[in-house]
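Colleague: Would you mind keeping the following structure in view while I ask a few things?
The values are calculated or read from the model by the stated rules, or taken from the named source; none is laboratory data. In this text, all values refer to a predicted model and were calculated from it rather than measured experimentally. Cβ: placed from backbone, ideal geometry, glycine included. Neighbour counts: every protein chain shown.
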Amino acid sequence: MWKEEKRVKAKTQKKDDKPGVWFMTRHTLKYVFKTAWQEKKIVFLLYFIKLIGLILGELKLLLLPKLLVDEVVAISEGAAVDVHLHNAIRYVVLTVGAELLSRTLGNIADSSLAYCSVYLDRILTYRLCEKSMDMDFQHTEDPEVLDQRTKAQEGISWYSGGITGMLGVVCSVAYNIALMLTSVTLFMFYCPLILPIQIIGMGLITYFNFRSQKIATEAFMKLGKLNRLFFYYLYEVASQKFGKDARLYDSSDLMSRRAAKFGNESVEVFRNRSEGTVKNDYKGNIVNAFRDALSYFYIGYRTLKGFLTLGDLTMCISAASRLYQSLLGIGKGVQSLTEKCGYAYQFLVYLDYPDALSKGSEKIREGEHEIVFENVSFKYPRAEEYVLKNVNIKIRSGEHLSIVGLNGAGKTTFIKLLCRLYDVSEGRILIDGVDIKDYSIEEYRKLFAVVFQDFQLFAFSLKDNVAMGRADEDMDETKVEESLKLSGLYEDAIKLDEGMDTLLFKSFDEHGTELSGGQRQKAAISRALYRNAPIVILDEPTAALDPIAEYDIYKKFDTLVGGKSAIYISHRLSSCKFCDRIAVFSDKTIREYGTHEELVKKENGIYAEMFAAQSQYYTNSGFCA
């Protein structure tokens, strides 16, 4: 019980708590440094090389011009030409050498960092995809989680620049700190009063930049859902799988209007962001103008009074500019870093999204398995209405159960609960007398081979799609063939250009094959058979098959399922005759339960009415005789 309370508490905290800027920055940087160290240690050496190159470039601009000017002035004032000319030439050579070394180190670092950036971005993408595939199924149907995924994906890439984007800002801040310390040291000796002018000006500019950053962050949080909707209409709806419907129903204009609507809403968010940040930029520019005027006036005054030489003047003017740039760079760098970390933190929130289901550790025992639903009720998260109410049923080991009922009666939800894609709201489900919440989720799901009505095939080879039934084991091609033969797809498979090695769809191979609806369903059934699990669940298993293919499947029923437990959801009541028991769902619960012979004779029974309505479409030699 305490585990459940802890899980709920963690989920509530995740949703309601708003972590501070420094909390997000600290935790994000910790993750960034750890990941970079684990995956690509050389990235730290590259940034150190880049830092050395930048510092060399700035020392060249600060010190060498002063020394060169002093030598030229000395010559113009009558000093020994040979000595000072020699010094001047030496300083020119040092300037050229420092420039060459600075650029060389920068180019080496930048070219290598470009590769590291791609590599580390792939690592983050893998982790995002892994989380999406491993998280509880309930989250995949939750709009809040889907919005969080969009924020995570965009936050760790576009907005933050990824790991190298954030490390680059850290390097920039370190460089500006070194530049600031150098400039401050020079001014302490030459123009000490310039420091408060620079610091006050920088403080005001940092404040205005902070306000702009806050506006940008608020805009980012609004864009999560808008971008998901916009890209859905712009990219997903335009994909191949929607091509027939879009053309036959001439819906391109409708989809374009929807995309434009959400695109315009996104533009409006960016417009408001720009208007807010521009005002702060204007104020910062005014402060900067006054800072420059006061700084240069003070330096000029010191020079005219004879406290500074012409070389000192050159150095102080350069140092004043560098000090401002370094202070601005530190301020903007810290703000940029907190902003980028704030965006990237959404990635960490997604990776750490709490489980929707409690996880047990019990092992599944070998042998027969009995399923019991005890007073099970369920409503979807944030929904007010129950989908199922007080469902009670026992499914014995080896029993074949058919589930029928009108659309929306809760049949598929019943299966989702049994497979622990969701947890019950009330009551409990038992397997072999143990609450299914107490089982290890990985072990528990090995009990089931399921074909959902909305099953998916992938752009892999046909045999890969079938062998995914046991993805944790090496492929057994003999077993793949047997599964295809049982489902009736083998004869079609061997006629393909590459046989079972033929890729499905044309997404990555122009020679890929497009299976018919019936062939796709047979492939999905083959995958379930390959899994060889003790409990088989088929949700509308023959919906896409023609009557002859459907009848062929039912004739092989005992061969396909054998002594395993089997649960069928079907609108075609012909399947019910091949099952031991029938459960009729209506009004959110099981209203009728029994054999085909019992239910078809029940006066005013739901099943009897449904069977009578369908039987008129079949001949006596067909399926419902």
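Colleague: Condition test on Leu489, is it outside the structural domain of Ser461 (by TED's automatic domain parsing) and either buried (at least 22 other Cβ atoms within 10 Å of the Cβ) or within 16 Å of Ser461 (Cα to Cα) (or both)? Outline the logic, then answer.
Modeller: Working: outside the structural domain of Ser461 (by TED's automatic domain parsing): no; either buried (at least 22 other Cβ atoms within 10 Å of the Cβ) or within 16 Å of Ser461 (Cα to Cα) (or both): yes.
Here the answer is no, as Leu489 does not meet what is asked.
Colleague: For residues in the range 293-333 being at negative phi and in a loop (DSSP other than H, G, I, E, B), which is farthest from the chain's Cα centre (by Cα)? Explain how you work it out, then say what you get.
Modeller: First pass over the range 293-333, keeping only residues at negative phi: 293-305, 307-333.
Among the residues that remain, those that are also in a loop (DSSP other than H, G, I, E, B) are: 305, 307-309.
Values: Lys305: 64, Phe307: 61, Leu308: 59, Thr309: 60 Å.
The extreme case among them is Lys305.
Colleague: Out of the range 403-459, which residues are touching an Asp or Glu at 6+ places or on another chain (Cβ under 8 Å) and among the hydroxyl-bearing types (Ser, Thr, Tyr)?
Modeller: Thr412, Tyr439, Ser440
Conditions (1) in a strand (DSSP E or B); (2) under 29 Å from the mean Cα position of the chain (by Cα), marked per residue:
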{"position": "Gly427", "(1), (2)": "yes, no"}
{"position": "Val450", "(1), (2)": "yes, yes"}
{"position": "Phe458", "(1), (2)": "no, yes"}
{"position": "Glu482", "(1), (2)": "no, no"}
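Colleague: Something else about it: Check Ala174, Ala109 and return the single one that is more than 18 Å from Leu351 (Cα to Cα) and crowded, with 19+ Cβ neighbours inside 10 Å.
Modeller: On the way: Ala174 fails: crowded, with 19+ Cβ neighbours inside 10 Å.
Criteria check complete, one pass: Ala109.
Colleague: Give me the pairs: first residue in the range 102-115 and in contact (Cβ under 8 Å) with a residue 60 or more places away in the chain, second residue assigned to a helix (DSSP H, G or I) and of a type in the set (Gly, Ala, Ser), beta-carbon distance under 7 Å, and six or more apart or on different chains, which are they?
Modeller: Ala109/Gly53
Results for (1) part of a loop (DSSP other than H, G, I, E, B); (2) buried (at least 16 other Cβ atoms within 10 Å of the Cβ); (3) not assigned by TED's automatic domain parsing to the domain that holds Ile582, shown as yes or no for each residue.
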position: His369; (1), (2), (3): yes, yes, no
position: Asn375; (1), (2), (3): no, no, no
position: Ala383; (1), (2), (3): yes, no, no
position: Lys389; (1), (2), (3): no, yes, no
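Colleague: Turning to a different aspect of this structure: Any residue in the range 305-320 that is crowded, with 18+ Cβ neighbours inside 10 Å, more than 21 Å from Asn176 (Cα to Cα), in contact with a Lys or Arg (Cβ under 6 Å, 6 or more places away or on another chain) and modelled with pLDDT of 75 or more?
Modeller: Within the range 305-320, one or more residues are crowded, with 18+ Cβ neighbours inside 10 Å, more than 21 Å from Asn176 (Cα to Cα), in contact with a Lys or Arg (Cβ under 6 Å, 6 or more places away or on another chain) and modelled with pLDDT of 75 or more.
Colleague: Is it true that Tyr324 is buried (at least 16 other Cβ atoms within 10 Å of the Cβ), in contact with a Phe, Trp or Tyr (Cβ under 7 Å, 6 or more places away or on another chain) and of a type in the set (Ser, Thr, Tyr)? Step through it out loud before you land on a result.
Modeller: Values: buried (at least 16 other Cβ atoms within 10 Å of the Cβ): yes; in contact with a Phe, Trp or Tyr (Cβ under 7 Å, 6 or more places away or on another chain): no; of a type in the set (Ser, Thr, Tyr): yes.
Taking the combined requirement at face value, the residue does not satisfy it.
Colleague: Restricting attention to the range 138-187, and to residues there that are among the charged types (D, E, K, R) and in a helix (DSSP H, G or I), which single residue is farthest from the chain's Cα centre (by Cα)? Before you say what the answer is, go through the steps one by one.
Modeller: Taking the range 138-187 and keeping what is among the charged types (D, E, K, R), we get 141-142, 144, 147, 149, 151, 154.
Those still in the list that are in a helix (DSSP H, G or I) too: 144, 147, 149, 151, 154.
Working: Glu144: 13, Asp147: 10, Arg149: 5, Lys151: 8, Glu154: 8 Å.
The selected residue is Glu144.
Colleague: So which residues in the range 288-328 are aliphatic (A, V, I, L, M) and in contact (Cβ under 8 Å) with a residue 40 or more places away in the chain?
Modeller: From the range 288-328, those aliphatic (A, V, I, L, M) are 289, 293-294, 299, 304, 308, 310, 313, 315, 317, 319-320, 323, 327-328; that's our starting set.
Selection gives Leu294, Ile299, Leu308, Leu310, Met315, Ala319, Ala320, Leu323, Leu327, Leu328.
Colleague: Another question, if that's okay. Here are some residues: Asp147, Asp136, Asp142, Asp121. Which one is acidic (Asp, Glu) and either under 18 Å from Lys34 (Cα atoms) or at pLDDT 90 or above (or both)?
Modeller: Numbers: Asp147 fails: either under 18 Å from Lys34 (Cα atoms) or at pLDDT 90 or above (or both); Asp136 fails: either under 18 Å from Lys34 (Cα atoms) or at pLDDT 90 or above (or both); Asp142 fails: either under 18 Å from Lys34 (Cα atoms) or at pLDDT 90 or above (or both).
Just one listed residue meets the conditions, Asp121.
Colleague: Here is a check on your reading of the model: is Ser336 part of a loop (DSSP other than H, G, I, E, B) and either within 36 Å of the chain's Cα centre (by Cα) or at pLDDT 90 or above (or both)? I'd like the intermediate steps shown before the answer.
Modeller: Values: part of a loop (DSSP other than H, G, I, E, B): no; either within 36 Å of the chain's Cα centre (by Cα) or at pLDDT 90 or above (or both): yes.
No: the conditions fail for Ser336.
Colleague: In addition: Going residue by residue through the range 488-507, is there one that turns out to be touching a residue at least 40 places away in the same chain (Cβ under 8 Å), among the β-branched types (Val, Ile, Thr) and part of a loop (DSSP other than H, G, I, E, B)?
Modeller: Yes, the range 488-507 contains a residue that is touching a residue at least 40 places away in the same chain (Cβ under 8 Å), among the β-branched types (Val, Ile, Thr) and part of a loop (DSSP other than H, G, I, E, B).
Colleague: Of the numbered conditions (1) closer than 23 Å to Thr25 by Cβ; (2) touching a Ser or Thr at 6+ places or on another chain (Cβ under 9 Å); (3) modelled with pLDDT of 75 or more, Gly276 satisfies every one except a single condition; which is it?
Modeller: Checking Gly276 against (1) closer than 23 Å to Thr25 by Cβ; (2) touching a Ser or Thr at 6+ places or on another chain (Cβ under 9 Å); (3) modelled with pLDDT of 75 or more, the one that fails is (3).
Colleague: Check the range 79-96 and report whether any residue there is in contact with a Phe, Trp or Tyr (Cβ under 9 Å, 6 or more places away or on another chain) and assigned by TED's automatic domain parsing to the domain that holds Asn176. Talk me through it step by step, then tell me what you get.
Modeller: Start the filter on the range 79-96 by keeping residues that are in contact with a Phe, Trp or Tyr (Cβ under 9 Å, 6 or more places away or on another chain), which leaves none.
For the range 79-96, residues in contact with a Phe, Trp or Tyr (Cβ under 9 Å, 6 or more places away or on another chain) and assigned by TED's automatic domain parsing to the domain that holds Asn176: absent.
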